[in-house]
Structure formats: C-alpha cells, structure tokens
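The structure under discussion appears below in the form of structure tokens.
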Amino acid sequence: MIYVDTLCFHYPHTQRPVFVDFSLHVPAGEFVCILGQSGCGKTTLLHLIAGFLAPIAGRIVVNGLPVCGAGPERAMIFQEATLFPWLTVADNVGFGLRAQGMGKAAITQTVTAQLERMGLAEYAHRYPCHLSGGMRQRVALARVLVLEPPVLLMDEPFSALDIPTRERLQDDLLTLWMTQGNTIIYVTHSAEEAAYLAGRILVFAPSGAIIHQEQVCASWPRDRLGAERLAVEQRLRTVLRNAATS
Ligand SMILES: Nc1ncnc2c1ncn2[C@@H]1O[C@H](COP(=O)(O)OP(=O)(O)OP(=O)(O)O)[C@@H](O)[C@H]1O
Ligand SMILES: [Mg+2]
C-alpha cells in the first residue's frame, strides 16, 4: 500500500513547485500507470516514493511505514538498464540476494529459476556488454523481480526498446505481477501501453495535479487489439491532447 498525503515538493535552488498538496493512495497489489507530458513530475514522484528525494511537506507511507530513505521493499527500474558490467548475467541477477545474505546454493537455484522463467538461461554466463539493449533490460528486470519487492517503481522501463521486445517484456512483467502480487507504479508516455498494463491510469497536468483517472475493468491477459483496450487508449489520447493545449 502506498499512501501519499498532501505532498509538497520543489527542487533545491528553484522556487517552481513540482507538487502542491498532492495526494495519492495505491492499494496493495494495484498496477497503476501514470501518463503526462514531459516535466509534469512523474519521475520526481517515483523518486520521492523510492526515498531518493525528501518531501518539503506532507508524508509518504509505504506498507504502514513512513518513507525516510531508500529501502529494499521499494525497487526502482529505470529507462536504461543499470547492470554491473564486471558481473555475469547470473551474478547480476543474484547480486541483491547475496546482499540480503542468502546462501550460495539457494542463490544459484533462485537465479536459475528466474533466468529460465524469463528466457535468459542461455545467457547466464555472458557479460552485459555481450547483450542487446532489450536483453540487458530483461536482466535488470530479473535482478529486481528475484527479490520479490512488494513495491515496484518503474520509470519508462521499456520505452527505448523495439516493439516486439517491449511487448515481450510487458507480458513478462504482467505474468510476474500476477504471480507475486506487487504494487506497481509504472510511468509511461504511451497511452497504448497504459491501456494494456494498468488496472488504473492517472494522467498528470503540467502542474503535477491529477487531471484524469480511470479504472480499466478488462481482466488480464488483455487482447492488444481488443475494443475495450483501444477505447481506453483513445480516451487517454484525447485527455493528453487537451492537457497539452489548455
Ligand atoms: N534535479 C533537478 N533539479 C531541478 N529541477 C529539476 C530536477 N529534476 C527535475 N526537475 C524539474 O522538475 C520538474 C519535474 O521533472 P520530472 O523529471 O519529474 O518530469 P517528468 O514528468 O518525469 O518528465 P519526462 O516525461 O520528461 O521524464 C521539471 O520542471 C524539471 O525541470
Ligand atoms: Mg521522467
């Protein structure tokens, strides 16, 4: 559960507020997508929930505990995969488990199972420099998902990938979400992607306020070309167009 209560935030040395009395409640296990034009505060919100930034006023509570710094229960996935270049795929994926003190045999078993689930088993002993961008992002996702974090904060994670790879990773993510039941906040610029993934979609105004939200009733897995998904996408496109011109 993520609870953001009357949050106010501006960056140091600027007076322009990014958030003024911003509130948001995300129940445990919900998959929320956030859309909004560049600069409206999407990344800033994720960084505040991740604990990389501190609010000026208001509070953020995750699973009952106030956020006051980064924590293992909140994992962040960035647009660019950030892997350790000197570690193999398997060692990258096992890195967090080692840091948590898991034994060697258990790490090998967990990592192998995760790599197999994500179609990465044959790359276990390769280094990141030998992988394509899409594979690196899949390894970055595996590295986080293996920790089964209750909260996943995802900032345009698949936007730099080609369409087939992006769709494959969206489906990997949905499968894992349905298994692990994580609470997910997923930032994207794609109305199509939001309508495919999310249970609830929020659209931010340039001011950082929520100007539109909708619940997507269709169950998962969804039909990418289904009428309901296309109707949601169309509505979002209209909201985004109107927000840009108002
Ligand atoms: N480190 C920083 N210092 C000062 N201002 C910043 C900093 N990072 C972001 N901002 C400002 O805060 C506002 C929100 O930025 P943010 O990166 O959260 O937007 P965004 O919605 O993620 O945009 P995009 O879609 O381009 O990623 C913008 O006006 C931006 O210029
Ligand atoms: Mg951003």
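The values are calculated or read from the model by the stated rules, or taken from the named source; none is laboratory data. Predicted model only: the values in this text are computed from it and were never measured. Ideal geometry is used to build each Cβ from the backbone, glycine not excepted, and the neighbour counts take in all protein chains shown.
Descriptive notes on the structure:
- Subset of the range 143-157 that is part of a helix (DSSP H, G or I) and touching a helix residue (DSSP H, G or I) at 6+ places or on another chain (Cβ under 7 Å) - its residue that is farthest from Ala90 (Cα to Cα): Leu145
- Looking only at the range 193-216, residues that are of a type outside the set (A, V, I, L, M), closer than 17 Å to Trp177 by Cα and part of a loop (DSSP other than H, G, I, E, B) come to 1 in all.
- Hey, Pro221 over 30 Å from Pro85 (Cβ atoms) and of a type outside the set (Ser, Thr, Tyr) or not: yes
- Residue that is nearest to Thr238 (Cα to Cα) [pool: residues in the range 11-37 that are within 15 Å of ligand 1 (Cβ to nearest atom) and free of Cβ contacts under 8 Å to residues at least 40 places away in the same chain]: Arg16
One line per residue, one yes/no per condition, for (1) closer than 19 Å to Val187 by Cα; (2) part of a helix (DSSP H, G or I); (3) not assigned by TED's automatic domain parsing to the domain that holds Val89:
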| site | (1), (2), (3) |
| --- | --- |
| Cys129 | no, yes, no |
| Leu141 | yes, yes, no |
| Ser159 | yes, no, yes |
| Arg168 | yes, yes, yes |
| Leu174 | yes, yes, yes |
| Trp177 | yes, yes, yes |
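- Single residue of Cys68, Cys33, Cys40 found to be assigned to a loop (DSSP other than H, G, I, E, B), crowded, with 19+ Cβ neighbours inside 10 Å and in the same structural domain as Cys8 (by TED's automatic domain parsing): Cys40
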